[in-house]
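Below is one structure; the comments refer to it alone.
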């Protein structure tokens, strides 16, 4: 009959362990803060007090930390440098043909420059649109992956709790049957 009680106790302990693990997973996913943080903090404080007391009893000096100042670096970069053009002075208005030719040359140069910049802008727009579509696709894939992971974690913790409490129930029933048989 002792083996019957041992099996019942093993079911109870395994069930409680699975239920606690499942509860911890569910808490970490949906709870506020970490479940065990207050106990960890109390454990750290107790450990620190114990170490201090042992050092005092053994008369050993406490360890001291040396803090040294460090320098911080900050790098700032600016993108898209400004575009500028330096144009020579126009000839004197007295010579109208030279003046008209210089103005026409400058207008042609500015038109060519505008066309070149427009082409560069089109290339930049295409590159940015392509990068944006790639990032949107990557973001969509990552969102779907995280949603699936979240569902697995959330339901995994609940499943563990259900299995754990079911094993506790089985262990309790086995213990009760063993008690009835022992009568």
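The values are calculated or read from the model by the stated rules, or taken from the named source; none is laboratory data. Being a predicted model, the structure only gives us computed values, none of them experimental. All Cβ positions, glycine included, derive from the backbone under ideal geometry; neighbour counts span all protein chains shown.
Taking residue 112, is it surrounded by 10 or more Cβ atoms within 10 Å (Cβ to Cβ) and modelled with pLDDT of 80 or more?
Considered against the rule, which asks whether it is surrounded by 10 or more Cβ atoms within 10 Å (Cβ to Cβ) and modelled with pLDDT of 80 or more, residue 112 comes out as yes.
In this structure, does residue 21 turn out to be surrounded by 10 or more Cβ atoms within 10 Å (Cβ to Cβ), within 30 Å of residue 160 (Cβ to Cβ) and modelled with pLDDT of 70 or more?
yes
Here is a list: 15, 33, 43. Which entry is at positive phi and modelled with pLDDT of 65 or more?
33
Which of the numbered conditions does residue 127 fail, given that it passes all the others? Conditions: (1) more than 27 Å from the chain's Cα centre (by Cα); (2) part of a helix (DSSP H, G or I); (3) modelled with pLDDT under 90.
With respect to (1) more than 27 Å from the chain's Cα centre (by Cα); (2) part of a helix (DSSP H, G or I); (3) modelled with pLDDT under 90, residue 127 is out only on (3).
For the range 158-180, indicate whether the set of residues that are out of contact with any strand residue (DSSP E or B) (no Cβ under 7 Å at 6 or more places or on another chain), part of a helix (DSSP H, G or I), exposed (fewer than 10 other Cβ atoms within 10 Å of the Cβ) and at negative phi is non-empty.
Yes, the conditions are met somewhere in the range 158-180.
Within the range 139-154, is even one residue at pLDDT 80 or above and under 30 Å from residue 4 (Cβ atoms)?
no
Going by the conditions given, is residue 72 at positive phi, modelled with pLDDT under 75 and assigned to a loop (DSSP other than H, G, I, E, B)?
So residue 72 does not fit the description; no.
From the list 106, 141, 145, exactly one residue is in a helix (DSSP H, G or I) and surrounded by 11 or more Cβ atoms within 10 Å (Cβ to Cβ). Which is it?
Result of the check over 106, 141, 145: 106.
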